[in-house]
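The values are calculated or read from the model by the stated rules, or taken from the named source; none is laboratory data. Remember, it's a predicted structure, so these values are computed and weren't measured experimentally. Cβ placement follows ideal geometry from the backbone for every residue including glycine, while neighbour counts extend to all protein chains displayed. Heavy atoms of the whole protein, side chains included, go into the accessibility calculation; ligands, DNA and RNA do not. Shrake-Rupley method; radii C 1.70, N 1.55, O 1.52, S 1.80 Å.
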Protein chains: 2
Amino acid sequence: MAPVTNGRFLFNEVPEGFPVPGKTTIYDASQTIDLDNADLQGGFLVKVLVLSIDPYMRGRMRHPEKKSYNAPFTIGEPLANFGVGVVLRSENSAVKPGDHLYGFYPFVQYTIQHNAQAFRVLENKENLPWSAYIGVCGMPGETAYYAWKEYAAPKKGDVVFVTTAAGPVGATVVQLAKADGLKVIASAGSDEKVAFASSIGADVAFNYKTTPTRKVLEKEGPINIYWDNVGGETLEAALDNAEKGARFIECGMISSYNTQKPYGVTNLMKIVAQELHIHGFIVGSIRDKYVDEFYSKFVQRVASGEIKYKEHLVRGLENAGEAILDVQSGKNFGKCVVVVADE
Amino acid sequence: MAPVTNGRFLFNEVPEGFPVPGKTTIYDASQTIDLDNADLQGGFLVKVLVLSIDPYMRGRMRHPEKKSYNAPFTIGEPLANFGVGVVLRSENSAVKPGDHLYGFYPFVQYTIQHNAQAFRVLENKENLPWSAYIGVCGMPGETAYYAWKEYAAPKKGDVVFVTTAAGPVGATVVQLAKADGLKVIASAGSDEKVAFASSIGADVAFNYKTTPTRKVLEKEGPINIYWDNVGGETLEAALDNAEKGARFIECGMISSYNTQKPYGVTNLMKIVAQELHIHGFIVGSIRDKYVDEFYSKFVQRVASGEIKYKEHLVRGLENAGEAILDVQSGKNFGKCVVVVADE
């Protein structure tokens, strides 16, 4: 077969505020690959099917001299994130053609990989769509599941406040909290997202763009657990409405990702006065303890329909820039997935 | 004996910024007490010897409608805090004349109390000055000891940053950290305080008024444990120089106590990125677990001279207002004690 185009989605420029598709990222169709004859050098050729778009990616779109917990993307190179691909050819005995691999992929249509241990072969006995494995059954679901287990310490009668409650992390937290019998207050950024949060069990769901978070928490709180994906003023409102000994699970602070001047939180004395316990985490650090039960039990709960989820599918690698911007600005409704190819 | 003056130190007005002696608090000498004949009604008469002046007291000098973790002081009534007094007469079998009682006292020269269980009879076999029992061997020492035990989780090679390192809490933390073999960075607000911090073992001690905290932490950090008595910009610098998984022990935030506009902390995303664990606490909440070993072991370490401390003695209840202001502005060098009377 003749070589085919191997499209790549490249980091082009560090954004100042929000990323700008076509400027801070660009799609490049100049490379080709001969799928039948490309030299694998002991590796395996993967056709990328779905790629995950997550809020944290904005943090990697930075100048390399700025330190953070993960490596910056390299200008001129493809972005990278979790995805699922199917093996076309393999010279590595650990994977075989037809295997579906979950792991970290460059944003390309085809890739030759060498480290089979970096990927998880998805058996998918549950017959879920592959996209589910990068959302509720992938890193975002893991994020919710692991940190809830590790830090929530739910007690009877507790009230939990969950931000970004229609997203893959937040919606999963809402459902885990309800399964633990708690009262759940959920915020999201559109009326349809709010309706979804209610449909999955949130006792109180509200659109933070039209109803002040502070007012809702004053009425429905105080809160014992806060799941923070937002930071800034929302965190400030949560601090002011925290019950004694509340646990704050700090998963992300998207309100600060696209600005040079993050909001200054002034009421941190509440940490002392209310004896709060605040835990920041990166999902990989608490993975080992819970990963087996995640794949053996939690994925089943998704497959059975007990745990519900929403997806926001964007077709075509060339549209990844818009997908990234959608996630940063909250335009997506549900887990954002770039569908690179069908099988 | 004829009645004697029973001086009282009263809360007079809520301060807007720093407390103003003679305005926000006043000394009142209009009351008398007949020490021989005053009706005890089953209680016991105590002559107050020493009263503790602590940073947190500023939080009680507030409008009653403003909620916080402790009760506001009442306008027109004496302030109150930890102290030591000696029993003059008693109709309660649990205490006898000559007993020295540690507990919570109104700011008066003489007081009739009824609840013996609210006080601890100090045997003082160690022959420490009574003032020590409201400083390094009282609430501030307890604060340092309990929270260090509960939240520091010190590991070999850890670096700890301690603020207000010449005060009774900070200086105790410095010495506990050194006893655990850690590298200690200590900040204080004058050169003589810095010299004291060095003398009790701090590896790096600096005057934060002349040397930027951020620069010291960049050079001597990153830090694994942060003991915060300050908040604001100092907390911000600590966040920017925290090692992965660092523990932040939030004991107080004096930088915010005397202002209507506390500093806004902008880099809270470090909590996520560095996977920090931040614990606020009130000493009473973690007391039960450690109080016996505190009095059985820690007080011995003080008496033996292993644990050192500084005191800032202010003579006369009428001078409590200046003492309070000194503590809020950092003018005191060492634990601030109002000496109400000698025995």
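Mean separation of Cα pairs under 8 Å and 6 or more residues apart, divided by the residue count, gives chain B a relative contact order of 19 percent. Please give me the summed charge of the neighbours of B:Gly334: other residues whose Cβ is under 14 Å from its Cβ, Lys and Arg +1, Asp and Glu -1. Residues near B:Gly334 contribute +1 overall.
Shape analysis of segment A:1-153 places it in the oblate category; the axes a ≥ b ≥ c from the Cα gyration tensor give an a/c of at least 1.5, with a/b not above b/c. When +1 charges are put on Lys and Arg Cβ atoms and -1 charges on Asp and Glu Cβ atoms, the dipole computed for the protein assembly as shown relative to its Cα centre reaches about 0 debye. Length available on full extension from B:Lys66 to B:Ala94: 0.36 nm per residue minus the Cα-Cα distance, which gives 6.3 nm.
For A:Lys261, the distances from its label point to the matching points in the remaining copies are 1.3 nm, ordered from shortest, with each point set 7 Å beyond Cα toward Cβ. So which residue, out of A:Ala238, A:Ala71, A:Ala188, gets the largest mean-square fluctuation from a GNM of chain A using Cα contacts under 10 Å as springs? So, out of A:Ala238, A:Ala71, A:Ala188, the one fluctuating most is A:Ala71. Projecting 7 Å from Cα along the Cα-to-Cβ direction, the label point of A:Glu123 sits 6.6 nm from its equivalents in the other copies, listed shortest first.
Expressed in units of 2.2 N^0.38 Å, where N is the residue count, the Cα radius of gyration of segment B:229-334 is 1.38. Of all DSSP beta bridges confined to the protein assembly as shown, the antiparallel ones make up roughly 55%.
Measuring with a 1.4 angstrom probe and ignoring ligands and nucleic acids, B:Met139 comes out at about 30 Å² accessible. Peptide A:275-287 has a mean of 5 when you count, residue by residue, the C-beta atoms of other protein chains within 10 Å of its C-beta. Shielding by partners for peptide B:256-268, expressed as the average number of C-beta atoms from other protein chains within 10 Å of each residue's C-beta, is 5. What separates the B:Pro212 label point from its copies, with the point 7 Å along Cα to Cβ, is 3.6 nm, written shortest first. Here chain A carries DSSP beta bridges of which approximately 55% are antiparallel, counting only pairs with both residues inside. A 1.4 Å probe over all protein chains sorts A:Lys331, A:Lys297, A:Lys47 by accessible area into A:Lys331, A:Lys297, A:Lys47, starting with the largest. Each chain gives up part of its surface: B and A jointly bury about 2400 Å² of accessible area, both sides summed, for a 1.4 Å probe.
The Cα center of segment A:278-292 and the Cα center of segment B:236-262 differ in position by 25 Å. Take each peptide in A:334-340, A:261-267, count the other Cβ atoms within 10 Å of every residue, and average; sorted highest first, the result is A:334-340, A:261-267.
Taking Cβ atoms as reference points and 14 Å as the exclusive limit, the residues near A:Ser190 contribute a net charge of +1, counting Lys and Arg as +1 and Asp and Glu as -1. The charge dipole of segment B:139-285, taken about its Cα centre with unit charges on the Cβ of Lys, Arg, Asp and Glu (plus for the first two, minus for the last two), comes to roughly 120 debye. State whether segment A:139-285 is rounded, prolate or oblate according to the following rule on the C-alpha gyration tensor (a ≥ b ≥ c being the square roots of its eigenvalues): a/c under 1.5 gives rounded; otherwise a/b larger than b/c gives prolate, and the remaining case gives oblate. It is rounded, given that a/c, with a ≥ b ≥ c, falls under 1.5. Listed cross-link partners A:Lys244/B:Lys66; B:Lys23/B:Lys310; A:Lys66/B:Lys261; A:Lys149/A:Lys331 are compared with a 24 Å cut-off, the Cα-Cα value being larger for B:Lys23/B:Lys310; A:Lys66/B:Lys261; A:Lys149/A:Lys331.
Antiparallel beta bridges, as assigned by DSSP with both residues in segment A:139-285, represent about 0 percent of the total such bridges. Taking the axis that rotates chain A onto chain B, the chain A residue nearest to it by Cβ, with the distance rounded to whole Å, is A:Gly264, 1.
Once you order the gyration tensor axes a ≥ b ≥ c over the Cα atoms, which shape class does chain B get: rounded for a/c under 1.5, otherwise prolate or oblate by comparing a/b with b/c? Judged from the Cα gyration tensor, chain B comes out prolate (a/c at least 1.5, a/b above b/c). Segment B:133-173 and segment A:44-83 have Cα centres spaced 42 Å apart. B:Thr164 sits with roughly 50 Å² accessible to a 1.4 Å probe, with DNA, RNA and ligands left out of the calculation.
Once the chain from B:Lys297 to B:Lys125 is taken as fully extended at 0.36 nm per residue, the excess over their C-alpha distance is 60.6 nm. Over the residues of the protein assembly as shown, the helix contribution to mean residue ellipticity at 222 nm works out to -5500 deg cm²/dmol, using -39500 (n - 2.57) for each DSSP H run of at least 4. Shielding of peptide B:240-249 by partners, expressed as the average count of other chain Cβ atoms within 10 Å per residue Cβ, is 1.
Each residue was assigned an accessible area with a 1.4 Å probe, and for A:Trp148 the value is about 10 Å². Between A:Ala165, A:Ala132, A:Ala38, the Gaussian network model of chain A with springs among Cα atoms under 10 angstrom shows the greatest mean-square fluctuation at A:Ala38. Per residue, the protein assembly as shown exposes 41 Å² of solvent-accessible protein surface, assessed with a 1.4 angstrom probe and all protein chains in place.
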